[in-house]
Each structure stands twice: as C-alpha cells, then as structure tokens.
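**Q** Dumping the structure here so I can ask a few things about it.
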Amino acid sequence: MKEPSMNRGLKNRHLQLISLGGIIGSGYFLGTGYVLEQAGPAAVLAYLLGGIIVLCVMLCLAELAVAKPVSGSFVLYAREHISPTWACGVGWAYWLNWIAYVPSEMIAAGIIMNKFVPEVSQVWWAVLFGLIVTVINLFHVEKFGESEFWLAIVKIAALVMFVGVSSLICFGVIGDQGFIGTDILLGNGGFAPSGYWTVFLTMVIILVNFQGSEIIGLAAGECKNPEKSIPIAVRNVTWRIIALYIIPISLLISIFPWNQASLEESVFAAALGSYGFGWAGNLFAFVVLTAAISCSNSGLYGSGRALHALAKENMAPKWLGALNKNGMPQNSILASVIGCWLIILLYTIDASETAYTYLLAVSGFTGAMAWISICWSQYNFRKKIIAEGLEHTLKYKTPFFPYVTLFGIWMQVICLVVIAFTEDLRSTLYVGIPMLVVPMIWYKLKKWRYHLIVTQK
C-alpha cells in the first residue's frame, strides 16, 4: 500500500513539529481573548476537553497510519472503510477547509506587519507571505519539514517563556503584588461566571484551533520508518498540545482578570504588560507572525496532499496526482495555491475584520468532518480485523477500543449540534454542509454516468 514514488524525506522531529505547526496558529494567540470573554476561567475546561478529543482522534489515526502509511491517508481510509462517496465529500471539504483557512493566516500576518510598517498595506504583506509559503512547499519535502520545525520552535519557546514568567508572577517572585494564589482566578464572578454551558460553546471555537493535528496522517507517506515514527509523533504531539495549551491558559487566568481580555491584542502580551513587561507586546506580535506563517505553511502542505490523494482515487482530475522530480505533488500544491490566492483576492475587495473572522468560521464544520471520518474509519477497520481474526497482526492498536473511538466521534457530533443551535456559529453550517454534500452528489452522478455508459455498451 506504500507509494514508493513519494519522497520519504521527513524525519521524526519534522513529523512532530509539522503537526504542532498546524495547531498553534495565530488563532491561539489572538483568539484566546474571545474564549476568556465568553467562558471566564472555565475556558481551561474547554481547552482540556478539546485536548482529550484531539487525543482520541490521534490515537485512531496512529493505528490506521501505521497499518497503511500512505500520503493523503484519511481520504484513502474513508474510501476503504466507510464509502468512496463519503471519502470524496470529506476529502474535498477538507481541501476547501484549508483553502479558506490558509489565507486567513496570511491575512493575520499582514495585519500584524501593517502595524509595524504601516506604509505597506495588509494585502501586500499577505501576498508576500503567500509567496514565501508557496516557494517553501514546492521545494524538497525535507526543506518543508525543516522550515516548519524551526517556525514551530519559536512558538513553543514563546509559550515556555510565558509559563516561566507568569509562574514567577503568580508566586510573587516578580513584582510587588505578592503571592496571587486564586485571588484573580476566582475573584471576578467565580470559576464559571457565565455558567458551564459556555464550556461547550467555546470548545467549538477551540477545536478549530486544534485542527492540523491530522496532518501527521497526511504526511505518513513521506516520513522515514513510519511504523516507529508515527506512534512516537502521535504520543508526543498529543501531550505537548495539552501542555502548551492547558498550562499557559491556567497561568494566564491566574494572573490576568478574564473580564479584561479582548481581541485587540494578544491576551498573553496584555497579561505580561499589566505587570510592567512592556516588551511583551512586540514579542508576541512577532510570535503571532511566526505562528501565522507556520500555520499557512503546514496548511498548504495538508491541502496539497489531500488534493493529491483525491486525484489518485479518481475523485479529482488525474493531472493533480502527478509528482515532480523531487517526489512532490507539484500540481496539487499549485492548484491549492491558486485557491488561496483567489481567497486573498476576495479579501482585497473586503478588507474588514468580518472577512477574516468568517474565513475562520468556515473551518469548524469541515475540520470536524475530517476528524469524525478518521475515528469512523478506524472503528470499521478494527471491527473488520477482529472479524477476520487478524487483530494480532496490528503493529499499533488504539487503546481502550471501542470507547476511545466512540468518545471521539460523539463528542464532535455534540459540538456540531451546539453549532446548529447557536445563532453566532450557525453560519458555519450554511457553508460547511454544501462543501461536504456537493462533492458527494457530483461523485454519485459521475459513477451513475459511468455505469450508464458501460451498460449501454
């Protein structure tokens, strides 16, 4: 099932940081303020629950990716273990998801650079970063892996720095406020000032930020020794996600009143700035810039591999499945790039913040469909293996099957139900459902037409 023509140039360290690059985007550094506004300190529960869902999805993906390490993996898994029609729908929806999301990160980078260099407009900065990401993705896959490795390191270093400084503030080592304890955490309406229902509402937003972890599966066909590196990457990335989200957020709400959080600047910078660390604003602006470029980089990688997989499965034009001399799916990458440029072009017409936030909203439904598809595929795959008496042949097994798998599926279904009954989030479904259903209808009509031609002959 392996694709020998795909260049297996990704090392284990690349694989781990590629996934983190897709997850720790500008939305985390900028959007946390919105989450705190809605849920208060209880937001940490939303991040924790979101992290557990990620863990379930990643464990399911690890079993599939070790058994069949192919590029564009979950499209193939869905075709084999759910149905070709569903695979076509979820594959195209996933591709469109990144085509909407990658420009939003480029635009975020443009907004930040415009503040530093106001003479150059946001749009031209977005175009520049788009060109940089395009060039990186057309190189040898190892070059992409190396660039993503160092971009992700910057984000991780910033979060580690924040944890260190905020810990010293919390315990009174830095500043004249003394030991803070739970004074700020519980001092503005308690732990859940808006009620615990907001945990589920904000978790929907948080899951959008977590999207990108599945890129490990898309990269399976290009990593060295997948049987060893994928389980290690899944295990390490999952716990690092929880550590890099839960610990910083817990310290943030312990040193900074939740009702002072806003979307005007990174809440991490605002928290440190309130204790006299004025340099934190510029530092986190740079970190958000790095996060935006990194997320665009890994997102374009993921969209290119998904489109390549669709072409290989005869669900997209065949020319999109071609590889260049470096073993890179050049045509599918270029098609993805063109899609991103079209979105950026639309942004030049409407450069308001509404356009940026709407691009982020589109990612919610389609990303959840990809994750549900991964868990669903693993569930059917394991059931089939058990029925054939071949469970002992699996080199990696999702633990606590089927409970982990079913929890991952149904928690995301609950999130989609929450979206349907929340007025502010419902627009996600208006765009997301057609993105899933239209390709499925197209595929069905294509199969019906082919069957009709064969029958007539």
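**Q** Starting at the first residue of the range 180-188, write each ³J(HN,Hα) from the Karplus equation 6.51 cos²θ - 1.76 cosθ + 1.60 with θ = phi - 60°, in whole Hz, x for Gly and Pro.
**A** So the Karplus estimates, Gly and Pro as x, are 7, x, 9, 4, 6, 4, 10, x, 10 Hz.
**Q** In nm, give the distance between the simple-model label positions of Asn314 and Asp176, each being 7 Å from the Cα along the Cα-to-Cβ direction.
**A** Going by the 7 Å Cα→Cβ label model, 7.7 nm.
**Q** Where in the chain are the DSSP H helices whose alpha-carbon span along the long axis reaches 27 Å or more and whose Kyte-Doolittle mean is at least 1.6? The partial results should precede the final answer.
**A** Details: long enough: 43-67 (37 Å, 2.51); 84-116 (49 Å, 0.66); 141-170 (43 Å, 1.39); 226-255 (43 Å, 1.13); 280-312 (47 Å, 0.82); 330-349 (29 Å, 1.71); 353-387 (52 Å, 0.43); 427-456 (44 Å, 0.50).
Flagged H segments are 43-67, 330-349.
**Q** Share of the range 239-302's accessible area from carbon and sulfur, percent, 1.4 Å?
**A** Numbers: 1310 of 2110 Å².
Heavy-atom surface of the range 239-302 belonging to carbon and sulfur, 1.4 Å probe: 62 percent.
**Q** To the nearest 20 Debye, how big is the dipole of the chain about its Cα centre, given +1 on the beta carbon of each Lys and Arg and -1 on that of each Asp and Glu? Write out the running numbers ahead of the final one.
**A** On the way: 28 positive and 23 negative charges, 434 e Å.
In total the dipole reaches around 2080 debye.
**Q** Regarding the chain, what's the average projected area of the Cα-atom convex hull, expressed in nm²? Intermediate results must be reported in sequence, preceding the final value.
**A** Details: hull surface 91.4 nm².
Reported value for the Cα convex hull: 22.8 nm².
**Q** With each label point set 7 Å from Cα along the Cα-Cβ vector, what nm distance links Ile52 and Val160?
**A** 2.9
**Q** Fully extended, how many nm does the chain gain between Trp150 and Val413 (0.36 nm per residue separation, minus their Cα-Cα distance)?
**A** Working: separation 263, 0.36 × 263 = 94.68 nm, distance 3.53 nm.
Gain in length upon complete extension: 91.2 nm.
**Q** Hey, another quick one. Of Asn137, Leu49, Ile249, which is farthest towards the positive pole of the chain's charge dipole, taken about the Cα centre with +1 and -1 on the beta-carbons of Lys, Arg and Asp, Glu respectively?
**A** So the residue furthest toward the plus end is Asn137.
**Q** Per residue, what accessible area does the chain have, given a 1.4 Å probe and all protein chains present, in Å²?
**A** On the way: 18270 Å² over 457 residues.
Computed with neighbouring chains in place, this is 40 Å² per residue.
**Q** Could you compute the FRET efficiency for Leu452 and Leu390, with r as their C-beta to C-beta distance and R0 at 41 Å, rounded to 0.05?
**A** Details: r = 38 Å, r/R0 = 0.93.
For R0 = 41 Å, the calculated efficiency reads 0.60.
**Q** Enter the Cα centre distance for the pair the range 255-299 and the range 91-150, rounded to the nearest angstrom.
**A** Value for the Cα centre distance between the two parts: 19 Å.
**Q** If you don't mind, there's one more thing I want to ask. What is the gain in length, in nm to one decimal, between Phe191 and Asn259 on full extension, counting 0.36 nm per residue of separation less the C-alpha to C-alpha distance? Before the final figure, lay out the partial values.
**A** Numbers: separation 68, 0.36 × 68 = 24.48 nm, distance 1.21 nm.
23.3 nm is the gain from fully extending Phe191 to Asn259.
**Q** Continuing with the same structure: Please compute the modelled spin-label separation between Trp239 and Trp279, points set 7 Å along Cα→Cβ, answer in nm with one decimal.
**A** 3.3
**Q** Using 1/(1 + (r/R0)^6) with R0 = 51 angstrom and r between the beta carbons of Ala322 and Leu168, what's the FRET efficiency to the nearest 0.05?
**A** Values: r = 54 Å, r/R0 = 1.07.
Rounded to the nearest 0.05, the efficiency is 0.40.
**Q** Let me ask another. Roughly how far apart, in whole Å, are the Cα centres of the range 360-396 and the range 178-219?
**A** Using only Cα atoms to place each centre, the spacing works out to 26 Å.
**Q** If you don't mind, another one. Once every DSSP H run of n ≥ 4 in the chain is given -39500 (n - 2.57) and the sum is divided by its residues, what mean residue ellipticity at 222 nm do you get, rounded to the nearest 500 deg cm²/dmol? Display every interim value, and only then the final one.
**A** Details: 17 runs with 335 residues, N = 457.
Rounded to the nearest 500, the figure is -25000 deg cm²/dmol.
The values are calculated or read from the model by the stated rules, or taken from the named source; none is laboratory data. Worth saying up front: this structure is predicted, and the values here are computed from it rather than measured. Cβ coordinates were reconstructed from backbone atoms using ideal geometry, including for glycine residues, and neighbour counts include every protein chain displayed. These accessible areas exclude ligands, DNA and RNA; they are computed on the full protein's heavy atoms, side chains included. Shrake-Rupley method; radii C 1.70, N 1.55, O 1.52, S 1.80 Å.
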